[in-house]
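Read-outs throughout are calculated quantities, based only on the coordinates presented, and are distinct from any laboratory measurement. Fair warning: this is a prediction, and the values are worked out from it, not measured in the lab. FYI the Cβ positions are ideal-geometry reconstructions off the backbone, even for glycines, and counts take in every protein chain you see.
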Amino acid sequence: MKKERISKRKLQSIETRNRIFEAARQLISEHGFENVSVDSIVETAAVSKGAFYVHFESKDALAFELVNYYTNLADIDYKSFLATLSDQQSVFDVLVLLAEKIAFFLTESIGYENMKVLYKSHLSKTFDTMPAMSYSRELYKIFAEVLEKGVQRGEIREDVSVDSLAKHLILAIRGIAFEWCMRYPDFDLKEQILDHFKILLYGLKK
């Protein structure tokens, strides 16, 4: 089957879009979403403002693309991390290590300023945050797979579905991350997620 050739104009359009996206990603990573304007994005990307609006309806539309990008990046990172762990480790220990990895990604790759904007947008519906919130995202499958392994080994209770357990563990992470946003900088997200997960998974017994 003959491959369809991409025109020079189409390639230029893709390149321009990628430059705008990458400029926005770098600026927002450094300064936070609310502190970056469309003007600063196009200046960094060395394109016109008109070119920006050809590819993105608004800054909020670009934000949706960024949420989708970081959601996919995070889930790939978490899955790759799990692949490095020994199959002999307790499922409880694996879940604690996974929670620690998530905390590291939120603090180092996303950052407080952008997490604050994300939570604000979840509530105000400023832009579509569904990629991060969807129950079909890879993160839920990752947790469910780990928990299912625990059920098969007899480490995890069987009277609650792994899907429900996965949702509750992710709810815990979201709640702690929200607390981090409210109490920043006097709140260590990594430390609190670890402490919370150890209590959730190992219980309150001596």
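Listing SER134, SER124 from the residue with the fewest other Cβ atoms within 10 Å to the one with the most, what is the order? Mind dumping the intermediate values first?
Numbers: SER134 12, SER124 8.
So the residues, fewest neighbours to most, are SER124, SER134.
Most exposed first by the Cβ proxy, i.e. fewest other Cβ within 10 Å, how do ILE173, ILE14, ILE28 rank? All intermediate terms of the calculation are to be shown ahead of the outcome.
On the way: ILE173 20, ILE14 12, ILE28 23.
Ranking ILE173, ILE14, ILE28 by Cβ neighbours within 10 Å, fewest first, gives ILE14, ILE173, ILE28.
Once you sort the root eigenvalues of the Cα gyration tensor of region 24-66 as a ≥ b ≥ c, which label holds: rounded (a/c under 1.5), prolate (a/b larger than b/c) or oblate (the other case)? Kindly include the intermediate steps, with their values, before the conclusion.
On the way: a/c = 2.04, a/b = 1.24, b/c = 1.64.
Oblate, since a/c reaches 1.5 and b/c is not below a/b.
Calculated from the structure, semi-axes √(5λ) of the Cα gyration tensor in Å equals which of [x] 30, 19, 16; [y] 37, 22, 14; [z] 26, 20, 17?
The listed entry that was calculated here is [y].
Normalising by the residue count of the chain, find the relative contact order in percent from Cα pairs under 8 Å and 6+ residues apart.
Details: 137 pairs, mean separation 43.3, N = 206.
Worked out over the chain, it gives 21 percent.
For a test of the definition: using alpha carbon positions, the gyration tensor, and the 1.5 limit on a/c, classify region 1-119 as rounded, prolate or oblate. Before the final figure, lay out the partial values.
On the way: a/c = 3.61, a/b = 1.58, b/c = 2.28.
Judged from the Cα gyration tensor, region 1-119 comes out oblate (a/c at least 1.5, b/c at or above a/b).
Given ALA166, PRO131, TYR202, which one lies farthest toward the positive end of the charge dipole of the chain, if we put +1 on the Cβ of every Lys and Arg and -1 on the Cβ of every Asp and Glu?
PRO131
Please arrange TYR184, TYR119 by counting, for each residue, the other beta carbons lying within 10 Å of its beta carbon, fewest first.
Details: TYR184 13, TYR119 17.
Listed from fewest to most nearby Cβ atoms, that is TYR184, TYR119.
Output the pairs from LYS59/LYS101; LYS120/LYS198; LYS79/LYS116; LYS49/LYS120; LYS101/LYS190; LYS59/LYS125 with a Cα-Cα distance over 19 Å in this structure; if there are none, say none. It would help to have the intermediate numbers written out before the result.
On the way: LYS59/LYS101 30 Å; LYS120/LYS198 28 Å; LYS79/LYS116 25 Å; LYS49/LYS120 27 Å; LYS101/LYS190 9 Å; LYS59/LYS125 14 Å.
Long pairs (Cα-Cα over 19 Å): LYS59/LYS101; LYS120/LYS198; LYS79/LYS116; LYS49/LYS120.
Rounded, prolate or oblate: which one fits region 1-56, using the alpha carbon gyration tensor with axes a ≥ b ≥ c (rounded when a/c is under 1.5, else prolate when a/b beats b/c, else oblate)?
Details: a/c = 3.62, a/b = 2.33, b/c = 1.55.
The shape class here is prolate.
Output ³J(HN,Hα) for region 188-198: one whole-Hz value per residue in order, computed from phi by the Karplus curve 6.51 cos²θ - 1.76 cosθ + 1.60 with θ = phi - 60°, and x for Gly and Pro.
8, 4, 4, 5, 5, 5, 4, 4, 5, 5, 5
Can you tell me the orientation of helix 138-153 relative to the chain, as the angle in degrees between its alpha-carbon axis and the longest Cα principal axis, to the nearest 10?
The helix 138-153 is inclined about 20 degrees to the chain.
Pairing the Cα long axis of helix 112-124 with the longest principal axis of the chain, what angle in degrees results, from 0 to 90 and rounded to the nearest 10?
For helix 112-124, the angle is close to 90 degrees.
With +1 on each Lys and Arg Cβ and -1 on each Asp and Glu Cβ, and nothing else charged, work out how big the dipole of the chain is about its Cα centre, in Debye to the nearest 20. Intermediate values should be presented prior to the final figure.
Details: 28 positive and 30 negative charges, 150 e Å.
Roughly 720 debye for the chain.
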